[in-house]
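One structure is given here, and the rest of the page talks about it.
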Amino acid sequence: MEINEVKELLNQFNDSKLTEFDLREGSFELYMNKNQTNRQTVTASQPEQSVEPAPVTPMTTAAPTSESEKAQAPVAAANGEGQVITSPIVGIVYLKPSPEQDVYKSVGDTVKQGETVCIIEAMKLLNEITSDFDGTITEILVENEDVVEYGQPLFRIS
């Protein structure tokens, strides 16, 4: 990408109502942000800063019985079994409907398909995140008010 193209994108971004812009083209990456906080990034030169969730002893689990359930089950992460609810967007995760209320779901709680498990705030919009599966929550992989990325695992359900 040429410098004049980058300048033109910058001008268009400044004149727009967008608050974030992320462009990836081959090895070229451009990120612009008008928000008060910046996104967290990890580059190859920085040491990896991952937080492993504490292992949780799972409750009694029921494996998928029908072939269609087995076909729909996503691949489990290396550190556990079960189905995973992932973040569909980048934002701040809230495990409670409001600060003075209890969490939507805790480890050991049962969850039904379509039931709200958390909220993710993105660009001042609150998005309810629902379960795609029936089961029991065996792990909560994020903390309240964590910044989450697209595709980041949030809950493990067995």
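Out of segment 111-127, which residues are surrounded by 13 or more Cβ atoms within 10 Å (Cβ to Cβ) and either part of a strand (DSSP E or B) or in contact with a Cys (Cβ under 8 Å, 6 or more places away or on another chain) (or both)?
Residues satisfying the conditions are Val111, Thr116, Val117, Cys118, Ile119, Ile120, Glu121, Ala122, Asn127.
Return yes or no: is Lys96 of a type in the set (Lys, Arg) and either at positive phi or at pLDDT below 90 (or both)? Before you say what the answer is, go through the steps one by one.
Numbers: of a type in the set (Lys, Arg): yes; either at positive phi or at pLDDT below 90 (or both): no.
So Lys96 fails the test.
Hey, among Val75, Val107, Val111, which residue is at pLDDT below 90 and within 14 Å of Arg156 (Cβ to Cβ)? Working first, answer last.
Values: Val107 fails: at pLDDT below 90; Val111 fails: at pLDDT below 90.
Exactly one of Val75, Val107, Val111 is at pLDDT below 90 and within 14 Å of Arg156 (Cβ to Cβ), namely Val75.
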State the number of residues belonging to segment 128-146 that are buried (at least 16 other Cβ atoms within 10 Å of the Cβ) and over 20 Å from Val111 (Cβ atoms). 0
Starting from segment 118-135, take each residue that is more than 14 Å from Pro88 (Cα to Cα) and list its partners that are part of a loop (DSSP other than H, G, I, E, B) and of a type in the set (Gly, Ala, Ser), counting only C-beta distances under 6 angstrom and pairs at least six apart or across chains. Gly135/Ser158
It is to be established whether one or more residues within segment 12-32 are in contact with a helix residue (DSSP H, G or I) (Cβ under 9 Å, 6 or more places away or on another chain), at pLDDT 75 or above, more than 24 Å from Asp132 (Cβ to Cβ) and among the basic types (Lys, Arg). no
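Results for (1) part of a strand (DSSP E or B); (2) within 27 Å of Lys34 (Cβ to Cβ); (3) hydrophobic (A, V, I, L, M, F, W, C), shown as yes or no for each residue.
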site	(1), (2), (3)
Pro88	no, yes, no
Gln101	no, no, no
Lys105	no, no, no
Ile137	yes, no, yes
Asn144	no, yes, no
Tyr150	no, yes, no
Arg156	yes, no, no
Would segment 142-157 turn up any residue that is among the hydroxyl-bearing types (Ser, Thr, Tyr) and in contact (Cβ under 8 Å) with a residue 40 or more places away in the chain? yes
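The values are calculated or read from the model by the stated rules, or taken from the named source; none is laboratory data. Because the structure is predicted, anything quoted here is derived from the model rather than measured. Don't worry about glycine lacking a Cβ; one is built from the backbone with ideal geometry, like all the others, and counts go over all protein chains shown.
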